[in-house]
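The values are calculated or read from the model by the stated rules, or taken from the named source; none is laboratory data. Quick caveat: nothing in here was measured; it's all calculated off a predicted structure. No Cβ is skipped: glycine too gets one built from the backbone with ideal geometry, and neighbour counts run over all protein chains shown. All accessible areas refer to the heavy atoms of the entire protein, side chains included, with ligands and DNA or RNA removed. Shrake-Rupley method; radii C 1.70, N 1.55, O 1.52, S 1.80 Å.
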Amino acid sequence: MRFTASPVVELPVGGAVLTFEQDNDSFEVGTSVWPSSLVLVKFAERCLGDAALPFADVLRFPGTRAVEIGSGCGPAGLGLSRLGLADLVLTDVAAVLPALRRNLRRNRRHLPRAPRLAQLHWNCPAHLSALASPRRFDLVVAADVVYVPESVPHLIAAMDALADAERGVVLLGYQVRSPEAHQAFWDAVPAAFPVIEKIPREHLDPDYAYEESEVYVLRRRPRQ
């Protein structure tokens, strides 16, 4: 991969500055940093710093078992790791894992605990079952993963397979990349996660409230 040909992206979070190398010339979309991952991390940081903001239950990191799907270059997962999400697995397809490993090494000194890395193809039952053992995850993180209509059923099936059947929550950074994929995703996702909460823009970090990026919380059950 030609990391040196693309700009390094900086993400100030948790009193440190994480940096992410990317390869914008790659055929893999996961080797570029996408805006919604940054919006998601800065939303989490803002909520953790202000107990009066809602959605604190999603961000109770101690004891939370978490997985990120479509981690790409790693900004969302590594940013949340910096904020204290310790029991975390970052995943992507084999072709993208070198970029993820590279940025994990680059930022390791800023992380309280290094997340684990794993290969995941959303339509691979063996990958999903291996990740979900010994139990499913309390939190599934995903950012900028809805972009190809054909992949939407596999994406939702992966979220469904990995999230705990009762209390599993998805924290989703989102931007419309394809009108067809957008329609397919929001038509299908309520079957697995019927409670859909869109984070109000006033709760996003004002410096990272990009016009086209949103953050959602998808739940199995309503908040208690």
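Tell me the residue from T4, T31 that is modelled with pLDDT under 90 and either open to solvent by less than 10 Å² (accessible area, probe 1.4 Å) or on the phi > 0 side of the Ramachandran plot (or both), please.
T31
Among the residues that make up the range 168-175, is at least one of them surrounded by fewer than 16 Cβ atoms within 10 Å (Cβ to Cβ) and among the aromatic types (F, W, Y)?
Checked against the condition, which is being surrounded by fewer than 16 Cβ atoms within 10 Å (Cβ to Cβ) and among the aromatic types (F, W, Y), the range 168-175 yields no hits at all.
Restricting the search to the range 72-96, which residues are open to solvent by 10 Å² or more (accessible area, probe 1.4 Å) and not in a strand (DSSP E or B)?
R82, L83, G84, A86, V93, A94, A95
Would you mind finding the one in E202, E211 that is without any contact (Cβ under 8 Å) to a residue 12 or more places away in the chain and either of a type in the set (A, V, I, L, M, F, W, C) or part of a loop (DSSP other than H, G, I, E, B) (or both)?
When all the criteria are applied, what remains is E211.
Answer yes or no: is there a residue in the range 36-53 that is under 21 Å from V170 (Cα atoms), assigned to a loop (DSSP other than H, G, I, E, B) and touching a Cys at 6+ places or on another chain (Cβ under 9 Å).
yes
Yes or no: D87 among the acidic types (D, E), within 23 Å of S32 (Cβ to Cβ) and at pLDDT 95 or above?
It is false that D87 is among the acidic types (D, E), within 23 Å of S32 (Cβ to Cβ) and at pLDDT 95 or above.
List pairs: first in the range 151-167 and farther than 19 Å from V89 by Cβ, second open to solvent by 50 Å² or more (accessible area, probe 1.4 Å), Cβ under 6 Å, 6+ apart or cross-chain?
none
Condition first: under 13 Å from S71 (Cβ atoms) and in a loop (DSSP other than H, G, I, E, B). Now tell me which residues in the range 102-120 satisfy that.
If the condition is that a residue be under 13 Å from S71 (Cβ atoms) and in a loop (DSSP other than H, G, I, E, B), then P115, L120 are the ones that fit.
Report yes if V67 is surrounded by 23 or more Cβ atoms within 10 Å (Cβ to Cβ) and β-branched (V, I, T), otherwise no.
Yes: the conditions hold for V67.
Does A209 satisfy being touching a helix residue (DSSP H, G or I) at 6+ places or on another chain (Cβ under 8 Å) and open to solvent by 10 Å² or more (accessible area, probe 1.4 Å)?
When the stated conditions are applied, A209 passes them.
Regarding A143, is this residue of a type in the set (A, V, I, L, M), open to solvent by 30 Å² or more (accessible area, probe 1.4 Å) and closer than 22 Å to S36 by Cβ?
It is false that A143 is of a type in the set (A, V, I, L, M), open to solvent by 30 Å² or more (accessible area, probe 1.4 Å) and closer than 22 Å to S36 by Cβ.
Only one residue in P125, P200, P222 is closer than 25 Å to L88 by Cβ and open to solvent by 40 Å² or more (accessible area, probe 1.4 Å). Which one?
P125
Which one of these is of a type outside the set (D, E, K, R) and touching a Pro at 6+ places or on another chain (Cβ under 6 Å): S81, S129?
When all the criteria are applied, what remains is S81.
For V176, work out the one condition from (1) within 23 Å of G74 (Cα to Cα); (2) of a type outside the set (K, R); (3) free of Cβ contacts under 8 Å to residues at least 40 places away in the same chain; (4) assigned to a helix (DSSP H, G or I) it doesn't fulfil.
Going through the list (1) within 23 Å of G74 (Cα to Cα); (2) of a type outside the set (K, R); (3) free of Cβ contacts under 8 Å to residues at least 40 places away in the same chain; (4) assigned to a helix (DSSP H, G or I), V176 breaks only (4).
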